[in-house]
Amino acid sequence: MAGLEAHYSARDIEARILAALRAAGLNPEQRLSPEDLAALDHFHTGGLRASRELLELAQIRSEHRVLDIGAGLAGPARMLAAALGCRVACLEMSPDYCAGAALLNRLTGLDDRIEVHQGSALDMPFADDSFDAAWMQNVGMNIADKRRLYGEIHRVLKPGGRFAFQEMVAGKAATTYFPLPWATDPADNFLVCVEEMRSVLEGSGFIEELFEDTSDAHLSRTAANAAPAAPGQLGLAVFVDNLARKAGNARRSLEEGQVRLVRGVLRAS
Ligand SMILES: C[S@@+](CC[C@H](N)C(=O)[O-])C[C@H]1O[C@@H](n2cnc3c(N)ncnc32)[C@H](O)[C@@H]1O
C-alpha cells in the first residue's frame, strides 16, 4: 500500500507515540482513556465521529468476537472493546503499526481484550467461522484484489455474522489529485466504483442490510480547511508525511465527485 504506511521500526514508532503523548500533556505512566488518543489513532475519513456512527449501525454485542481488518494503531478496536466490552482481534499488515497498537492497548488497559496479529487481509491467519463480526475502515481502498479480500472476510465470519465497513470508492470523474492518503500516485489507486464493490460483495456471499453514500454528510460536517494539529497536539502527522496535502487532495476529490465515501453493514450468508 502507499500513502498512509508507517516508515519506522517498531521501537521508533513506540518512541514517537510516547513522545507525542507527552507533548500533548498525557502521561503514559498513568492509564489513558481511548478518547484521549482519538486524534492519533482513528486513521480514516471522519475520525472518531465516523467510528462512533458505524458502531451504532454495526449490531455488535458484548459477547461477540470481532475482527478489525487493517486495524492500524487499533483506535477503532479500542473504541469497540471499551464501549461494548467485546473481544477484538486486530489484523494489520505493518509490523510497526502492530507494535504501536500493542503499546496503546497496554497504555489504555485494554490489552486483555484486544489481540494484535500481523498479517495480510488477503491470507488471514484465522480458521473458518472464527468471528461473530468483522470491521474495516479505509482499508479496502489499499487492496487491488477485492474478490479475495471479501472472500477472506466471508470465510472467517460465522454464518450470519456481520461485516461493517467504510471505504472510499471511485466517483464518476477520474481521480486526478495526487498524492492521496491511500495512494501516492495513480498506480497505487485501487478504488472501484460502487456498483463493482456491491457486486463483488454479493458474489462473495454477503447480503446487504445497509449500504449508503455518506460523502455529502461528511463534507458538510467537516471544515474545508481544517487546521493541521498544532505543535504538541496529537494528530496523524506523527506517522504520515505530507498529511495536509494528502488530506486536501482527498477533500477536493470528494467535492468534485472523483471519489465517494460509502459505508455498509452486510450479513454473511
Ligand atoms: C488508513 S489505515 C486505517 C487504519 C484503521 N483501520 C483505522 O481506521 O484507524 C489503512 C491500514 O490498512 C493496513 N493494510 C493495508 N493493506 C493491508 C492488508 N493487505 N492486510 C492487512 N492490513 C492492510 C495498513 O497497513 C494501514 O494500517
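No lab work stands behind these numbers, since they all come straight from the coordinates. Just so it is clear, the structure is predicted and the values come from calculations on it, not from any experiment. Positions of Cβ are backbone-derived with ideal geometry, glycine not excepted, and every protein chain shown enters the neighbour counts.
Among 130-143, 71-84, 52-65, the peptide with the highest mean count of other Cβ atoms within 10 Å heads the list, and the full ranking is 71-84, 130-143, 52-65.
Expressed as a whole percent, how much of the Cα-Cα distance distribution for the chain exceeds 26 Å? Write down the numbers at each step before the final one.
Numbers: 13514 of 36046 pairs.
Summing the P(r) tail past 26 Å for the chain gives 37 percent.
Cross-link partners of Lys246 among lysines, defined as those whose alpha carbon lies under 24 angstrom from its own and excluding same-chain residues fewer than eight positions apart: Lys146, Lys172.
Under a 5 Å amide H cut-off, with hydrogens placed 1.01 Å from N, Cys193 pairs with Ala170 among residues at least 5 apart or on other chains. Under a 5 Å amide H cut-off, with hydrogens placed 1.01 Å from N, Val259 pairs with Gly171, Leu254 among residues at least 5 apart or on other chains.
Shape class of segment 128-269 from the alpha-carbon gyration tensor: prolate, with a/c at 1.5 or above and a/b greater than b/c.
A Förster distance of 41 Å, applied to the separation of the beta-carbon atoms of Asp213 and Asp112, puts the FRET efficiency at 0.60. Near the amide H of Leu67, within less than 5 Å, lie the amide hydrogens of Ala89, Ala133, Ala134, Trp135, all on another chain or at least 5 residues away, with H placed in the peptide plane. Extension gain for Ser220 to Leu57 (0.36 nm times residue separation, less C-alpha to C-alpha distance): 56.6 nm. Partners of Lys158 within straight-line reach, counting aspartates and glutamates whose Cα lies under 13 Å from its Cα and excluding those fewer than 8 residues away in the same chain: Asp128, Asp129, Asp132. Applied to segment 44-52, the Karplus parametrisation 6.51 cos²θ - 1.76 cosθ + 1.60 on θ = phi - 60° returns per-residue 3J(HN,Hα) values of 7, 4, x, x, 4, 4, 5, 5, 5 Hz, with x for Gly and Pro.
Put simply, the convex hull of the Cα atoms in segment 19-132 casts, on average, a shadow of 7.2 nm². Of interest is the spacing of the C-alpha centroids, which for segment 172-205 and segment 21-95 amounts to 25 Å.
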